[in-house]
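*Asks:* Structure in structure tokens, see below.
The values are calculated or read from the model by the stated rules, or taken from the named source; none is laboratory data. Keep in mind the model is a prediction, meaning the values are calculated, not measured. These accessible areas exclude ligands, DNA and RNA; they are computed on the full protein's heavy atoms, side chains included. Shrake-Rupley method; radii C 1.70, N 1.55, O 1.52, S 1.80 Å.
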Amino acid sequence: MADSKTPAQIFACSQSKVLAEKIAKSYGVPLGNVITSHFNDGEFQPSFEESLRGSRVFIVGSTHPSSDNLMEMLMMLDAAKRSSARHITAVLPYFGWARQDRKDKPRVPIAAKLVAKMLETAGATRIVTMDLHADQIQGFFEKPVDHLYASTIFLPYLKSLNLENITIASPDMGGSKRAYAYSKFLQSDVVICYKQRAKANVISHMELIGEVKGKNVILVDDMVDTAGTLTHAANLMIERGAKSVRAICTHPVLSGDAYAYAKIENSALEELIVTDSIPLKQESNKIKVISCADLFADVMKAVHNNKSISSKFLM
């Protein structure tokens with residue numbers, strides 16, 4: 001039987017191996033051995049190369065597209081369940097498909113709910129994730145969910161910049177709650193960008209609600225995908241007299257390969273601050289990565305030892 005005296009075992013999906021190695025090092029245990037066999041038709045098979053019987057297993061893997069990343073997590077959960085692991089925690093630094101959390105038009109899936117059910121069916125007995133696109137996704141699970149906030153690691157960094165006249169900005173109406181939480185902690189003003197989309201990832205119009213003249217603006221969002229919204233907002237704020245514009249985005253999806261990076265490099269953004277929940281595809285002088293490994297390691301250790309994690313929430 002697994003208990004807090006039995007060492008936890010940490011394993012990595014292939015797309016998150018670098019982060020998992022950092023988490024394991026911070027936790028104080030070696031990263032478990034997994035071998036993935038690949039077939040010529042694209043099929044693959046992960047295999048745990050050590051006993052899991054009766055133990056608590058943490059499987060680290062972000063489920064960003066392609067769908068192979070989600071499939072690998074599901075297969076590793078299933079393998080752990082069939083290997084008689086007692087507790088199986090899916091550690092998802094980035095929970096993919098989260099933008100599909102509701103029906104926003106007829107005849108479309110609620111993919112976030114589907115993914116939640118698949119993770120549980122595959123064998124997850126607990127979920128640890130960070131900055132879900134919508135907080136209510138926690139309710140899609142029947143198993144316990146530890147929903148962490150990257151503000152725990154971002155806020156100390158913001159404090160270290162010693163910026164004056166800070167204003168927190170949300171790049172859209174949906175992120176206003178997150179922006180207000182940051183502003184309450186930093187005791188700053190809030191501005192909100194109102195945008196209209198021509199279609200997905202294409203902005204037709206953006207307007208600014210609030211005053212940014214002479215301010216050091218911090219844009220706050222849960223993810224950066226094509227970087228279109230962020231760069232558009234940053235350029236607009238500089239036009240309106242902002243002293244500087246930085247952005248904090250937990251998950252650097254940055255799709256479109258070099259195109260998204262080029263937009264950031266050529267924008268008015270002074271700095272884009274992200275976590276390593278998703279590995280960067282390329283380096284950029286404007287992108288600063290703050291590791292979330294220590295945060296996940298501390299929470300995983302608390303979960304294993306049946307201790308509270310409330311001290312890990314700064315806001």
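*Asks:* Provide the solvent-accessible area of Leu114, counting protein heavy atoms only and rolling a 1.4 Å probe, rounded to the nearest 10 Å².
*Replies:* 100 Å²
*Asks:* Kindly report the accessible area of the chain per residue (heavy atoms of protein chains, probe 1.4 Å, no ligands, DNA or RNA), in Å².
*Replies:* Computed with neighbouring chains in place, this is 47 Å² per residue.
*Asks:* Counting DSSP beta bridges in segment 127-266, what percent are antiparallel, to the nearest 5?
*Replies:* 25 percent
*Asks:* Evaluate the relative contact order of segment 237-294 (contact order divided by residue number), counting alpha-carbon pairs under 8 angstrom at least 6 apart; express in whole percent.
*Replies:* 35 percent
*Asks:* Rank these residues by their accessible area, most exposed first, probe 1.4 Å: Tyr194, Tyr180.
*Replies:* Tyr180, Tyr194
*Asks:* Reachable aspartates and glutamates from Lys103, Cα under 19 Å, same-chain residues fewer than 8 places away excluded?
*Replies:* In chain and number order, the partners are Asp135.
*Asks:* Cross-link list Lys263/Lys286; Lys159/Lys243; Lys159/Lys288: which exceed 21 angstrom alpha carbon to alpha carbon?
*Replies:* Over 21 Å Cα-Cα: none of the listed pairs.
*Asks:* Next up: Ranked by accessible surface with a 1.4 Å probe, highest first, in what order do Phe11, Phe185, Phe48 come?
*Replies:* On the way: Phe11 0, Phe185 80, Phe48 35 Å².
So, going from the largest accessible area down, we get Phe185, Phe48, Phe11.
*Asks:* How much of Thr229 can a 1.4 Å solvent probe reach, expressed as accessible area in Å² and rounded to 10?
*Replies:* Here the accessible area works out near 20 Å².
*Asks:* Among Lys159, Lys263, Lys286, which one shows the highest mean-square fluctuation when the chain is modelled as a Gaussian network with alpha-carbon springs under 10 Å?
*Replies:* With Cα springs under 10 Å in the chain, the top fluctuation among Lys159, Lys263, Lys286 is at Lys159.
*Asks:* A further question on this structure: With percent of Cα pairs over 34 Å apart defined as stated, name the option among (i) 21; (ii) 25; (iii) 18 computed from the structure displayed.
*Replies:* Of the listed options (i) 21; (ii) 25; (iii) 18, (ii) comes from this structure.
*Asks:* Starting from the residue with the highest accessible area, list Arg126, Arg240, Arg107 in decreasing order, probe 1.4 Å. List each step's numbers first, then the result.
*Replies:* Values: Arg126 65, Arg240 100, Arg107 215 Å².
So the residues, ranked largest to smallest area, are Arg107, Arg240, Arg126.
*Asks:* With a 1.4 Å probe and all protein chains kept in place, how much accessible area does Ile209 have, in Å² rounded to the nearest 10?
*Replies:* So the heavy atoms of Ile209 present about 90 Å² to solvent.
*Asks:* Just the number, please: carbon plus sulfur as a percent of the accessible area of the chain, 1.4 Å probe, no ligands or DNA/RNA counted.
*Replies:* After summing per-atom areas, the C and S share lands at 49 percent.
*Asks:* Over the chain, calculate the relative contact order: mean separation of alpha carbon pairs under 8 Å at least 6 apart, over the residue count, as a percent.
*Replies:* Over the chain, the number comes to 14 percent.
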